[in-house]
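Data first, discussion second: the structure below is written as structure tokens.
Laboratory data are not the source of any read-out in this text; all were calculated from the coordinates shown. Keep in mind it's a predicted model, so treat the numbers as computed, not measured. Every residue, glycine as well, gets a Cβ built from its backbone with ideal geometry; the counts of neighbours run over all protein chains shown.
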Amino acid sequence: MTLDVSAAPGGTRALLQSIVEVARAIFGAAASSVFLLDDAAGELVFEAVAGEGQDFLVGTRIPANRGIAGWVVSSGQAMIVDDLRDNNTFARDIAESTRYVPNALMAAPLLADGQVLGVLQVLDPAEQSRSDLGDLDLLALFANQAATALRVAKGCARCGPDTDPLASIDPDELVDVFRDFLRHRNG
């Protein structure tokens, strides 16, 4: 399944950007990104980036069958890697091409109707986030939000700005909701 977010309603792109920004803030990460799968080309496309690379990575394509993001796409499973130095799945050459090589990462699939649409990735999360199953669950929640945005966009590919169901979502409001969630979670 391939979805062109550039042709999707404006609220979809704003929501994806908000998701990566909030994920980066919550996990104290150097960067966060959403990749979408382009099945026909066999590539993952950066659709939203916060932190390292945000000024130039959107639209960049990488092979969908390589690296940890590729493994997450093919398996449909989330993954945390605390030390990428000796990880055989990590594609260091691809990371180098993005001008940022992380030491650790968290990744979760964007799932909709049983299909993997892409990957939400958090690079170099703060130490306390690494290997914590609760935080992997939280990352999966963000991935579900991104997948929901994409599912709505697919259903509204012909919607105009006046009928975009996501246009009314204020990204700052979404950040506030997640901050409230964290306050209650950390109690």
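Computed from the mean reciprocal separation of all distinct C-alpha pairs, what Kirkwood hydrodynamic radius does region 8-75 have, in Å?
12.5
Between Thr148 and Arg85, what length comes free when the chain is fully extended (0.36 nm per residue of separation minus the Cα-Cα distance, one decimal in nm)?
Extending this stretch completely gives an extra 19.3 nm.
Packing-wise, with mean Cβ within 10 Å as the measure, how do 46-54, 85-93 rank, highest first?
Going by the mean number of other Cβ atoms within 10 Å, highest first, we get 46-54, 85-93.
Full-extension gain between Asp39 and Leu141, please, as 0.36 nm times their residue separation minus the C-alpha to C-alpha distance.
34.3 nm
Students often check this: by mean Cβ neighbours within 10 Å, which of 15-21, 60-66, 96-102, 30-36 ranks highest, and how do the rest follow?
30-36, 15-21, 60-66, 96-102
Test of understanding: what is the full-extension gain from Ser75 to Tyr100, defined as 0.36 nm times their sequence separation minus their Cα-Cα distance?
6.5 nm
For region 1-113, with only Lys/Arg (+1) and Asp/Glu (-1) charged at the beta-carbon, what is the dipole magnitude about the Cα centre, in debye rounded to 20?
120
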